[in-house]
Amino acid sequence: MSKYINPFTDFGFKRIFGEEFNKDLLIDFLNELLREEEGTITNITYMTPEQLGITAFERRAVFDIYCENERGEKFIVEMQKAKQKYFKDRSVYYSSFPIQQQALKGEEWNFELKAIYTIGILDFIFEEDKADVDKMLYKIKLTDIETQRVFYDKLTYVYLEMPKFSKTETELETRFDQWLYVLKNLPHLEQYPARLRDRVFKKLFEVAEIAAFTPVERVAYEESVKVYRDLKNVMDTAVEESLVKGIAIGEKRGIAKGKFEGKIEIARAMEAKGIDADTIRGITGLDTW
């Protein structure tokens, strides 16, 4: 097992960002991510992550982390381990809960809302963003299409496509770079880097060190790692099964046409498993199927 936890596991993510004792880590991260929009956050209060619908028949939502700052602005922070077909839809749906909760009941209300931020730290790349290899941070607000001016600035969606971040320790230029480097590389590090030796990162590495866990915490983390690895294995298995099926078809027909049709079978099987189009093209060499 690694020396430090994997922040893309449920246990690891909440250990770093979701505990009251460690909320200074989340504050520091949010300040680096949102300083342009927010200024400086000085304090946050954790709120219950389970949100119920208005009626008993409506769907609920369970956030990874849900908190508000000293100005009453809300933050939903999600760590997404695997590609989800409707993740953007889910983000919008999740943001509807803190909107509804701000409605005052039993008195006149002028509809003034506090800002809401929905943040997704992603262990995958959106299909439509794959070609844009140098852009990994996306900030979205309601914007006029023609003028490109922000129409409404109190509803913000932020997505970090972590697989695109490739800077080495010596290439880190900003504190935000440092945060991204830690989140992506933490389980592969044997000691915390010299360039990150300030109070916040020193604390992060202390709380992330597996050797310091209690037996109960260690069991919980190992279970969380198992879930993470199982999810990865499901994706890998889907690719393997699709390849085997396609190769078998091609070999059975034993002709060029059969091989081509076998590749089409591979592509279609992979697509049915939810594998993205670019990955399918890279494996099969096909443009369409």
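The values are calculated or read from the model by the stated rules, or taken from the named source; none is laboratory data. As the structure is a computational prediction, the values presented were derived from the model and not from experiment. When we count neighbours, we look across all protein chains shown, and the Cβ atoms used for this are built from the backbone with ideal geometry, even at glycine.
Couple of notes before you dig in:
- Cβ pairs under 8 Å, 6+ apart, first in the range 21-44 and free of Cβ contacts under 8 Å to residues at least 24 places away in the same chain, second surrounded by fewer than 13 Cβ atoms within 10 Å (Cβ to Cβ): 27/42; 27/43; 31/40
- Boolean, residue 103 is free of Cβ contacts under 8 Å to residues at least 40 places away in the same chain, surrounded by fewer than 20 Cβ atoms within 10 Å (Cβ to Cβ) and part of a loop (DSSP other than H, G, I, E, B): yes
- Residue, nearest to residue 33 (Cα to Cα), within the range 77-100, restricted to residues that are in contact with a helix residue (DSSP H, G or I) (Cβ under 7 Å, 6 or more places away or on another chain) and crowded, with 17+ Cβ neighbours inside 10 Å: 77
- Selected residue (only one of 281, 197, 268, 229 is at pLDDT 70 or above, out of contact with any helix residue (DSSP H, G or I) (no Cβ under 9 Å at 6 or more places or on another chain), more than 24 Å from residue 120 (Cβ to Cβ) and basic (Lys, Arg)): 197
- Filter result (modelled with pLDDT under 95 and of a type in the set (Phe, Trp, Tyr)) within the range 18-42: 21
- Pairs, first in contact (Cβ under 8 Å) with a residue 40 or more places away in the chain in the range 202-221, second outside any strand (DSSP E or B) and among the hydroxyl-bearing types (Ser, Thr, Tyr), C-beta under 6 Å, six or more apart: 205/192
- The residues in the range 100-124 that are modelled with pLDDT of 90 or more and out of contact with any Ser or Thr (no Cβ under 9 Å at 6 or more places or on another chain) can be counted, and the count is 6.
- Search result, residues across the range 57-96 that are assigned to a loop (DSSP other than H, G, I, E, B) and either closer than 19 Å to residue 155 by Cβ or at pLDDT 90 or above (or both): 63, 64, 70, 71, 72, 73, 86
- For the residues 74, 135, 130, the requirement of being exposed (fewer than 11 other Cβ atoms within 10 Å of the Cβ) and in contact with a helix residue (DSSP H, G or I) (Cβ under 8 Å, 6 or more places away or on another chain) singles out 135.
- Under the condition of being polar (S, T, N, Q) and either closer than 22 Å to residue 117 by Cα or outside the structural domain of residue 89 (by TED's automatic domain parsing) (or both), the residues counted in the range 141-177 number 3.
- The listed residue being over 18 Å from residue 80 (Cα atoms) and in contact with a Lys or Arg (Cβ under 7 Å, 6 or more places away or on another chain), out of 115, 131, 103: 115
- Hey, residue 163 touching a Gly at 6+ places or on another chain (Cβ under 9 Å) and not hydrophobic (A, V, I, L, M, F, W, C) or not: no
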